[in-house]
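The values are calculated or read from the model by the stated rules, or taken from the named source; none is laboratory data. This structure is a prediction, so every number in the text was calculated from the model and none was measured. Neighbour counts run over all protein chains shown; Cβ positions are idealised from the backbone, glycine included. Note: accessible area is taken over every heavy atom of the protein model, side chains too, but ligands, DNA and RNA are not part of it. Shrake-Rupley method; radii C 1.70, N 1.55, O 1.52, S 1.80 Å.
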Amino acid sequence: MEFAIQAEGLKKRFGDHEVLAGVDLSVPPGTVLGLLGPNGAGKTTTVRTLATLLAPDAGRATVAGYDVVRRPREVRRRIGLAGQYAAVDELLTGRENLVLIGRLMGLGRRGAQTRAEELLDGFGLQDAAGRPSKTYSGGMRRRLDLAACLVASPQVLFLDEPTTGLDPASRITLWQQVREQIARGVTVLLTTQYLEEADFLADRITVFGSGRVIAEGTADELKRKVGDERLEISVERSESLDAAAAALGRAVSEAPAVDRETRRVAVRLVDGIGGVARAAAELERSGVPVIDFAVRRPSLDEVFLQLTGTGAQTKESGDE
Amino acid sequence: MSEVLALTGRQMTHLRRTPEKIISVSLTPIAMVVILGYLFASVISVKDGEYHDYVMAGVFAQVGLACVGATALGVASDLRAGLTDRFRSMPISRASVLFAYTVADLVTAAAAMGAVAGIGLLVGWRIHGGFLEAVAGFALLLGFTYAMLWLGVLIGLAMRNMEAINGVTALALVLFSFLSNSFMPLRGLPGWLRAVAEWNPVSSVAEACRVLWGNAPASAGASLPVRHPELASVLTLGVLLAVVVPLALRAFRTAAAR
């Protein structure tokens, strides 16, 4: 099995609205693919199609080696799905939720109980295991939800916005738990609105816009694709801003951007370390006291905004 | 089979933790027993018996009608919570998930009918037939209820929206119980409306029960549901199930949370 998840030309239309306009994806086993994109770009529809919940109008997809349309049962044996909301039964206790899933997955009564205890321990839910899950906090529900998809030790895990609405501490806890699964060799497809989440968890990132893939690569590749590195310096007093700007201008022969509010000067860095060296030399010659001197790469947020904001034009340049 | 057991067990745990559901499906029927069977019994008269006897069969059928809404709400709330997605992403049969809803809610309905029977006995209702006939009457009512539960499953999957479900099923409860012989014999209705009311399964089920229980049957007329209410009941419920069950399974296959 070359790819744990593979999709070719997936199309889906709801009425007049084309939700997927030909999506291609391939995720090697044991890796994490992050799907980024604005609301309505087709991320959830893609996940639902791959998780056998939705039949595509065109195209084909395999998950764990089985076709999602022709062999859905085989696919379902090998996947775990955590949807956008924690899919826990509120009236059941945490333990009962996990035992129920275990029994449905064919572990038997005893097997399901043993597996539930393992997961309750692993996810720090043992203390709350006997309480109905409606009394759980948002973070605990998400953890229970993630535990529920892991009951049958799936090969492929679909996480659809797993941390939406969580506080930062719960988010980090959940990230660590996802990482543990990744370390065990589980293949993960993750959709998210949080770019730092993709940065933290994903090996590769696919950016969606209007139902198609508009860019693909590692976080670093995407950042590089969007913009050059910038050199940013801060000065102590605003009187020295002009002198600093002049010095940087001489170093890279391009007009720098000056932000008087934050006393910062920024310039595009086109020739890497050479530009840095010249800028440093010019600044030293000008005698301007510099308090911060840094090379900055565009953040994933900037990547995201640039790629999705201009959607139509970047369509062709993406996916190299 | 173990899937059905596990899923039904889940529903029974729900019932244990929220027994209010039994009250919610027996509330309207109990109100009817008190209002019609007790307060109005002296001014309404039926041939061959007492009005408080006459009215009970239709009230039991009302429990079945009330279950449509209760089941639909349960199904829709699983859909909203994402549980339906989870079940559908697991290697279990679609039928087992839906079957579990209907089995558990049949237990709810049976408990509600027990409560209604208790109130009925208090206002003077008695069964004047043999034991087997009494059991047959309740079996028919449970069969009717079971068909209603599948209708509830279909409505829950198709409508999804809680408020809309509440509105539609509450209206259906009133419409189907009043457009039947539950509370009044159908003698006074104009011809076409009378035909509709006679073929309403609520009418034939209630009439069959009245015959079985010796509770002042309303029989007057020559149409099939009037002459053979038990046959008409089985027929209409069979047709209803044959239509609704496949539709519900189809709705489940394509169900989406939003």
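Among the listed residues B:Leu235, B:Leu212, B:Leu193, identify the single one that is in contact with a helix residue (DSSP H, G or I) (Cβ under 9 Å, 6 or more places away or on another chain), touching a residue at least 24 places away in the same chain (Cβ under 8 Å) and assigned to a helix (DSSP H, G or I). So that I can check it myself, show each step before the final result.
Values: B:Leu235 fails: touching a residue at least 24 places away in the same chain (Cβ under 8 Å); B:Leu193 fails: touching a residue at least 24 places away in the same chain (Cβ under 8 Å).
None of the other options fit; the residue is B:Leu212.
Quick check on the stretch B:108-116. Is at least one of its residues open to solvent by 50 Å² or more (accessible area, probe 1.4 Å) and among the polar types (S, T, N, Q)?
no
So how many residues does the stretch B:18-52 have that are within 14 Å of chain A (Cβ to nearest Cβ) and either of a type in the set (Phe, Trp, Tyr) or surrounded by 14 or more Cβ atoms within 10 Å (Cβ to Cβ) (or both)?
Qualifying residue count, the stretch B:18-52: 1.
Quick one: is A:Leu104 open to solvent by less than 10 Å² (accessible area, probe 1.4 Å) and either within 13 Å of chain B (Cβ to nearest Cβ) or modelled with pLDDT of 95 or more (or both)?
yes
Please work out if B:Tyr101 is of a type in the set (Phe, Trp, Tyr), part of a helix (DSSP H, G or I) and touching a strand residue (DSSP E or B) at 6+ places or on another chain (Cβ under 8 Å).
No.
Just checking, does the stretch B:125-132 include any residue being in contact (Cβ under 8 Å) with a residue 60 or more places away in the chain, touching a His at 6+ places or on another chain (Cβ under 6 Å) and either open to solvent by 30 Å² or more (accessible area, probe 1.4 Å) or in a loop (DSSP other than H, G, I, E, B) (or both)?
At the first step, the residues of the stretch B:125-132 found to be in contact (Cβ under 8 Å) with a residue 60 or more places away in the chain are B:125-129.
From the residues that got through so far, the ones that are touching a His at 6+ places or on another chain (Cβ under 6 Å) too are B:125.
Filter once more, keeping what is either open to solvent by 30 Å² or more (accessible area, probe 1.4 Å) or in a loop (DSSP other than H, G, I, E, B) (or both): B:125.
Yes, because at least one residue in the stretch B:125-132 is in contact (Cβ under 8 Å) with a residue 60 or more places away in the chain, touching a His at 6+ places or on another chain (Cβ under 6 Å) and either open to solvent by 30 Å² or more (accessible area, probe 1.4 Å) or in a loop (DSSP other than H, G, I, E, B) (or both).
Of the residues B:Trp192, B:Trp199, which single one is aromatic (Phe, Trp, Tyr), over 27 Å from B:Val153 (Cβ atoms) and open to solvent by 10 Å² or more (accessible area, probe 1.4 Å)?
Numbers: B:Trp199 fails: over 27 Å from B:Val153 (Cβ atoms).
Just one listed residue meets the conditions, B:Trp192.
Can you find even one residue in the stretch B:73-83 that is over 14 Å from the mean Cα position of the chain (by Cα), within 14 Å of chain A (Cβ to nearest Cβ) and not in a helix (DSSP H, G or I)?
yes
Of A:Val99, A:Val88, A:Val151, A:Val156, which residue is over 20 Å from A:Ile182 (Cβ atoms), among the hydrophobic types (A, V, I, L, M, F, W, C), within 12 Å of another protein chain (Cβ to nearest Cβ) and in contact (Cβ under 8 Å) with a residue 40 or more places away in the chain?
Exactly one residue qualifies, and that residue is A:Val88.
Among the candidates B:Ala242, B:Ala255, B:Ala164, which residue alone is more than 25 Å from B:Asp53 (Cβ to Cβ), open to solvent by less than 30 Å² (accessible area, probe 1.4 Å) and either at pLDDT 90 or above or touching a Ser or Thr at 6+ places or on another chain (Cβ under 9 Å) (or both)?
Just a single option satisfies the conditions, and that option is B:Ala255.
Name the single residue that is surrounded by the most Cβ atoms within 10 Å (Cβ to Cβ) among those in the stretch A:54-71 being free of Cβ contacts under 8 Å to residues at least 40 places away in the same chain and touching a strand residue (DSSP E or B) at 6+ places or on another chain (Cβ under 8 Å). Steps first, please.
Pass one, the stretch A:54-71, residues free of Cβ contacts under 8 Å to residues at least 40 places away in the same chain: A:55, A:66-71.
The next check asks that each one be touching a strand residue (DSSP E or B) at 6+ places or on another chain (Cβ under 8 Å); those that pass are A:67-69.
Values: A:Asp67: 14, A:Val68: 26, A:Val69: 15.
Per the criteria, the residue is A:Val68.
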